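Worksheet: one structure, shown below.
Coordinate-derived values only; no laboratory data. Keep in mind that what you see is a predicted model, and the values were worked out from it rather than measured. Please note: Cβ atoms are built from the backbone with ideal geometry, for glycine as well, and neighbour counts cover all protein chains shown.
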Amino acid sequence: MSAYVRYVLERAGAAGAQRVFCVPHAEEWANIQVAEELQAVLPNAELLAAPPGEFRAEDLLVIPYLEDLVQAVDRCAPLCRAAGSVHGSWALAYGLRWRVLQLAPPRALLRHVAARRRVARLLYWIARLGLREAVVRGLRWTCAK
Amino acid sequence: MNLLYVCWLDAATTDIPLFTAQAWERRGHKVHLFPYDLCFANEAGGSVEDSIALSDRVLQQRVLAARINEACIRLCPDAVLFGATFVAPEFMRNLRRRHGVRIGFVLGYNNLLQRDVSESVSVADFVLVHDSYVIPLIQGTSNGRCPRVFGFGGAAEPREHTSLALSAWDRQRYGSDFVFLGGYSRHRAEMLDGLREKGLRIWGDSQGWARAWALTSCCSSEPVYGRKKTKIYNAAKIVVHIEDPEKNINSLSARVPEVLACGGFVLAQWTRDLEAAGFQDGVSVAWYTTPGELADKAGYYLAREDQRRQVSEAGKAHVLRSLTYDVAYGPILDAVEQSLAPRSPGGAGPC
């Protein structure tokens with residue numbers, strides 16, 4: 001089994017997932033790797049080959065990505081929303097390069113990604129207006145209190 | 001002991017902090033993991049403060065320090081163990097003063113020349129070190145030394161590192177005559193050069209290995225961790241292990257017990273800690289000391305499957321007897337607890 005994935009699932013309270021659907025990734029090895037990992041951690045869960053018509057509680061939607069979390073979640077936002085309409089379902093964003101896992105209810109993951117996008121835009125404008133140094137200094141001062 | 005353990009959990013090629021914490025919990029200690037990645041780095045993006053913090057070292061340390069401070073108020077630990085220089089040494093002192101906790105520090109690499117590392121060692125009440133080489137350098141009572149230093153070598157977790165029944169497809173995908181897992185260093189590239197036309201496969205950071213242009217055809221760009229790593233250990237005929245001398249000198253790498261626990265065969269670079277851990281060359285492991293010996297033994301063992309099997313069976317038995325996390329790491333926290341005087345009742349802090 002993979003102790004780390006199990007730890008993340010248990011920490012979030014999602015270790016009892018009954019059905020798992022992995023959004024296919026362009027890299028074949030990634031699909032194999034994620035499937036093998038989840039089969040080892042959740043041996044009793046059903047690994048779905050296609051997205052379920054209707055999501056149920058205890059379903060786990062896995063979104064593997066190599067480079068960008070925001071783009072990966074955006075690409076399957078309709079699936080995420082469908083999964084999010086059911087209380088007790090989960091979405092796992094699976095960063096393949098460094099095994100960066102983010103597990104949350106699907107709607108929370110969508111909110112997180114939306115927040116990331118807003119923050120990225122804000123940071124862009126802060127840098128563009130030459131305010132980054134002032135903001136950092138202000139935050140350092142706030143944190144030092 | 002009630003311990004708060006601040007550590008990395010993702011981005012790692014092994015799960016040492018997780019396995020260690022689980023072994024300590026099985027021994028009756030209470031261990032609260034504070035995974036830097038799951039509690040902070042992966043969550044950033046939800047707030048401007050965190051996102052900016054991640055791009056500014058000082059701010060990053062301060063934001064993280066505030067969260068560790070909150071965790072100390074909530075969990076009332078006896079000690080806080082830092083798995084890396086996540087926070088400034090001054091914050092460690094403040095934490096001790098404010099909450100009356102003991103401070104521990106894990107020295108995984110021999111990077112004592114980095115100022116924040118050496119300062120953290122000086123501040124700590126106890127230090128856990130991976131390489132016995134540095135123990136005489138840091139243990140003591142004066143000149144910034146730390147009196148309580150505990151060594152931890154490599155170990156295996158039998159629930160994770162285990163023999164698997166591989167399919168023919170697995171063998172084709174993960175198998176090869178020689179396998180090396182790990183990051184690039186010039187020393188490693190030089191050592192592996194002699195194996196590049198003998199069925200060598202390298203699994204590691206592909207950007208790093210791109211510097212060894214002669215070996216690029218042997219490199220896989222796929223990341224390796226978890227189940228995949230166990231399969232690679234199982235499928236390889238010979239796993240070659242090479243230390244990076246700029247990181248460790250005497251240490252016993254976790255790679256050796258991990259491979260053996262999987263029933264694999266490992267050809268390891270000789271180190272003092274490898275021999276001190278009870279391994280014997282040609283009996284429970286195979287080791288080499290020079291590049292020439294590596295090439296000779298690689299060819300010798302590749303041609304002798306029976307000998308490989310004998311050595312790996314004896315090695316596995318040795319690891320399961322003496323080098324699991326429960327056996328090798330479990331007692332470390334007991335020893336730490338015994339070495340520290342009990343916290344003064346009603347001492348500093350809210351606990």
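Can you work out ³J(HN,Hα) from phi for every residue in the range B:116-126, in order, using Karplus 6.51 cos²θ - 1.76 cosθ + 1.60 and θ = phi - 60°, giving whole Hz and x for Gly and Pro?
Once θ is set to phi - 60°, the couplings for the range B:116-126 become 5, 6, 5, 5, 5, 4, 5, 6, 5, 7, 8 Hz.
Between the range B:125-174 and the range B:299-346, what is the C-alpha centre distance in whole Å?
Cα centres, the range B:125-174 to the range B:299-346: 9 Å.
Using the Karplus equation 6.51 cos²θ - 1.76 cosθ + 1.60 (θ = phi - 60°), what ³J(HN,Hα) coupling, rounded to whole Hz, does each residue of the range A:44-58 give in order, writing x for Gly and Pro?
The phi angles translate into 8, 7, 8, 8, 7, 7, 9, x, x, x, 10, 7, 10, 4, 6 Hz.
7 Å from Cα along Cα→Cβ at both B:Thr216 and A:Arg137: what's the point-to-point distance in nm?
4.6 nm
Quote the FRET efficiency, to the nearest 0.05, computed for B:Arg57 versus B:Thr141 with a Förster distance R0 of 41 Å and r equal to the Cβ-Cβ distance.
0.80
Could you work out the percent of alpha carbon pairs in the range B:282-326 separated by over 12 Å, rounded to a whole number? Please report the intermediate quantities before stating the final value.
Numbers: 630 of 990 pairs.
Value for the range B:282-326 (Cα pairs over 12 Å): 64 percent.
Would you list the P(r) distribution for the protein assembly as shown, with all Cα-Cα distances sorted into 10 Å bins from 0 and each bin expressed as a whole %?
Per 10 Å bin, starting at 0, the Cα pair percentages come out as 4, 17, 26, 27, 19, 6, 1.
Restricting to DSSP H runs of at least four residues, report the calculated mean residue ellipticity at 222 nm for the protein assembly as shown, -39500 (n - 2.57) per run over all residues, nearest 500 deg cm²/dmol. Intermediate values should be presented prior to the final figure.
Working: 21 runs with 217 residues, N = 496.
The helix contribution divided over the protein assembly as shown gives -13000 deg cm²/dmol.
Taking H as built 1.01 Å from N, whose amide H comes closer than 5 Å to the amide H of A:Leu101, not counting residues under 5 places away?
For A:Leu101, whose amide H was placed from the backbone, the distant partners under 5 Å are A:Gly95.
Between B:Val129 and residues 5 or more places away or on another chain, which pairs have amide H atoms under 5 Å apart, with H built 1.01 Å from N, and which residues are they?
B:Leu107, B:Phe150, B:Gly151, B:Phe152
Compute a Gaussian network model of chain B, connecting alpha carbons closer than 10 Å, and tell me which residue from B:Arg255, B:Arg308, B:Arg57 fluctuates the most.
The residue that fluctuates most here is B:Arg57.
Amide H neighbours of B:Val266 under 5 Å, counting only residues 5+ apart in sequence or on other chains, H built in-plane at 1.01 Å?
B:Val239, B:Ala286
Among B:Glu160, B:Glu258, B:Glu197, which one shows the biggest mean-square fluctuation in a GNM of chain B, springs joining Cα atoms closer than 10 Å?
Largest GNM mean-square fluctuation: B:Glu197.
Beyond a 25 Å Cα-Cα separation, which of these cross-linked pairs lie in this structure: B:Lys198/B:Lys231; B:Lys228/B:Lys297; B:Lys198/B:Lys229; B:Lys228/B:Lys316?
Beyond 25 Å: B:Lys228/B:Lys297.
In sequence order, what are the phi-derived ³J(HN,Hα) couplings for the range B:238-253 according to the Karplus relation 6.51 cos²θ - 1.76 cosθ + 1.60 with θ = phi - 60°, rounded to whole Hz, with x for glycine and proline?
3J(HN,Hα) across the range B:238-253, in whole Hz: 9, 9, 8, 10, 10, 6, 9, x, 7, 10, 9, 10, 9, 5, 9, 6.
Given a 10 angstrom Cα cut-off, can you work out which residue in B:Leu333, B:Leu137, B:Leu323 is the most mobile in a GNM of chain B?
Residue with maximal mean-square fluctuation among B:Leu333, B:Leu137, B:Leu323: B:Leu137.
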